[in-house]
Amino acid sequence: MARKHLLPIFAALAVSATAQTGQPYIHDPSTLAECEGKYYTFGTGGGGLISDDGGWTWHGGAERPGGGAAPDVLKIGDRYLVAYSATGGGLGGGHYGKILTMWNKTLDPKSPDFKYSVAKEVAASDGVEDCDAIDAGLLYDEQNNRLFVSYGTYFGNIRIIELDPVTAARKSGAKPVDVAIDCEASDILLVDGWYYLLGTHGTCCDGVNSTYNIVVGRSKDIYGPYLDNLGRDMKQGGGKMVVNTYGKAVGAGHFGRFVVDKGVEVMSCHFEADFERSGRSVLSILPLTWKDGWPKAGKKVSNGVFSIQSERRGYALELATDFVRIQQERQAWWNAKPDDPVSELPLQKLSDMESTWPKGAAPARLSDYMLRPNQYWQIEAVDGKGGYLGNPYFKITIKGTTRTLAAGPDMDVIVAENYTGDDTQLWRIEQCTDGTYRLMPKRLAGTTSDNTKYVLYSIADSTPILKEWDNGDNAKWNLVAEEK
């Protein structure tokens, strides 16, 4: 966490803005935790952030006693476990440190149940040994009722030690095991029988000159060896890239995984410096994708023009209207000579077919993707309407028109004639773990609360409706940038 050294800067992943809205300023954020409808993350120094609107807008107010650095938090049963480090990592010039754990029934500081238990020391470093007791990362294996914490920095090894899942004290007889070098701010995941060790590599605490980046290795055993995709052991400095620079933010560190739904996940981290926010350290929530068994930061949705194509069939979402043929002289390809001239044909224009479109609200449908004006959708973030983990809500209109995709009155999908800002016309767009997207209206027609279950869904491959998310191909879509 708090040390500097020089390592190469890695290539950037060019995408949209990274930080959440509000005041998302934090260093060394913990994994996200949900408590009574709010989201929390804790950082170095004892405080943390809270989101009251589904994970989009963040402000200060989270409380954690003990000060110190680089905490982590997870929910076990009906309690929340917090681990943090006191000193260490070169803070104050030394490498003496302690990892401590404590429980709370709630994370809401305004709740009458808000009270942390007495902190327990579970690991320590004496300033001489080859490990710093700092940067705690928690893993609870629910199936086997086992609890672990990883810790350490660049000044020595990353270690894992087992804790008692009831008390969060160090398990009797447990000894720390070295599992990695050349990283810090570690976190452990257990996914599909694999243990994943994520570590933060590079330099920290130097603002726009920080080179922090997150790498990963995996093992079938909690104590390793943790190998990357090329078979390099993390004890010899191996690690597969998860995220480095992202858009105009540099220095990705302190990974946390949050499962939104089956097949929809996000990762949290901080960026050491966001060029769009005065170079401050900011909380970022990014889609988390998995490819060939490896985690990777996904791509946040950004404004643009796209066709929305079904993963199941490749059909494109469109305004239901009469088909307007493109007039073209038949090409006698069988008589063509190699030196015959060729030319690029213009695409059909909106003016070529808009007069045939129905008045008022009309159905949406799925059809063969043919580069037609009624198949191109302008996706645009809407200010002041809130958001969710990773993005604000979007409006989706046919390019060049006011016709707006909306949730219909009978769980159907319609195209309204005008955008009104109604919640049925706002869409939550999230990247799935396989790289596709799901689209979810903020509110269903006739309801008074936000929708968290029903998504754009393809029935019989050709009819778009609203149906509960099932992680199947009929509920997944590809956003294909407009051909120009």
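Of note:
- Under 5 Å, built H, 5+ apart or other chain: amide partners of His27: Thr44
- Listed residues Asn145, Gly263, Thr31: farthest to the positive end of the dipole of region 21-297 (Cβ charges): Asn145
- Hz values of 3J(HN,Hα) by residue in region 289-304 - Karplus curve (6.51, -1.76, 1.60), Gly and Pro given as x: 10, 10, 10, 6, x, 10, x, 8, 4, x, 10, 5, 5, 10, 4, x
- Couplings 3J(HN,Hα) of region 187-193, computed from phi: 8, 10, 10, 10, 9, 6, x Hz, in residue order, whole Hz [Karplus 6.51 cos²θ - 1.76 cosθ + 1.60, θ = phi - 60°; x for Gly and Pro].
- CD proxy at 222 nm, helix term only [per DSSP H run n ≥ 4: -39500 (n - 2.57); per residue of the chain; nearest 500]: 0 deg cm²/dmol
- Fewest-first ranking of Asp322, Asp135, Asp182, using other Cβ atoms within 10 Å as the exposure measure: Asp322, Asp182, Asp135
- Take the Cα of Lys453, step 7 Å toward its Cβ, do the same at Asp292, and the gap between the two points is 3.9 nm.
- For Val128 and Asp206, the FRET efficiency from 1/(1 + (r/R0)^6), where r spans their Cβ atoms and R0 equals 25 Å, is about 0.40.
- Cα-Cα over 23 Å, subset of Lys235/Lys262; Lys120/Lys175; Lys442/Lys476; Lys296/Lys442; Lys98/Lys220; Lys38/Lys395: Lys235/Lys262; Lys296/Lys442; Lys98/Lys220; Lys38/Lys395
- Taking every alpha-carbon pair under 8 Å whose residues sit at least 6 apart, the chain reaches a relative contact order of 12 percent.
- Estimated dipole of region 385-484 in Debye, rounded to 20 [Cβ of Lys and Arg +1, of Asp and Glu -1, Cα centre]: 340 debye
- Likely footprinting exposure, Glu162, Glu272, Glu344, Glu354, fewest C-beta neighbours within 10 Å first: Glu344, Glu354, Glu162, Glu272
- In this structure, the amide hydrogen of Gly48, modeled 1.01 Å from its nitrogen in the peptide plane, lies closer than 5 angstrom to those of Gly43, Gly61, Ala62, counting only residues at least 5 positions away or on a different chain.
- Among the trypsin sites (Lys or Arg not before Pro) in region 46-116, those placed in a DSSP loop whose Cβ has at most 13 other Cβ atoms within 10 Å are Lys110, Lys115.
- At most 13 other Cβ within 10 Å, DSSP loop - trypsin sites (Lys or Arg not before Pro), region 181-243: Lys220
- Top positive-direction residue, dipole computed over the chain with Cβ charges, set Ile465, Gly199, Gly94: Gly94
- Whole-Å semi-axes of the ellipsoid equivalent to region 21-297 (Cα gyration tensor, √5λ, descending): 24, 23, 20
- Debye, to nearest 20: dipole size of region 21-297, +1 on Lys, Arg Cβ, -1 on Asp, Glu Cβ: 200 debye
- Rounded to the nearest Hz, the phi-derived 3J(HN,Hα) couplings of region 332-348 under the Karplus curve 6.51 cos²θ - 1.76 cosθ + 1.60 (θ = phi - 60°) are 7, 4, 6, 9, 5, 9, x, 9, 5, x, 10, 9, 7, 7, x, 6, 4, where x marks glycine and proline.
- Spin-label pair Arg79-Asp410: with each label point 7 Å from Cα along the Cα-Cβ axis, the two points sit 5.4 nm from one another.
- Computed magnitude of the charge dipole of the chain (debye, nearest 20; Cβ of K, R +1, Cβ of D, E -1): 140 debye
- Length released on extending from Tyr96 to Glu142, taking residue separation times 0.36 nm less the Cα-Cα span: 13.3 nm
- Ranked Cys35, Cys204, Cys131, criterion: other C-beta atoms within 10 Å, fewest first: Cys35, Cys131, Cys204
- A cysteine counts as unpartnered when no other cysteine's C-beta lies under 4.7 Å of its own; in the chain this applies to Cys35, Cys131, Cys183, Cys269, Cys432.
- Each residue, Leu347 and Glu482, gets one label point 7 Å from its Cα in the Cβ direction; the gap between the two is 0.7 nm.
Where a number appears in this text, it was derived from the coordinates with a stated rule and is not lab data. For clarity, every value in this text was computed on a predicted model and none was experimentally measured. Virtual Cβ from ideal backbone geometry, glycine too; neighbours counted across all protein chains shown.
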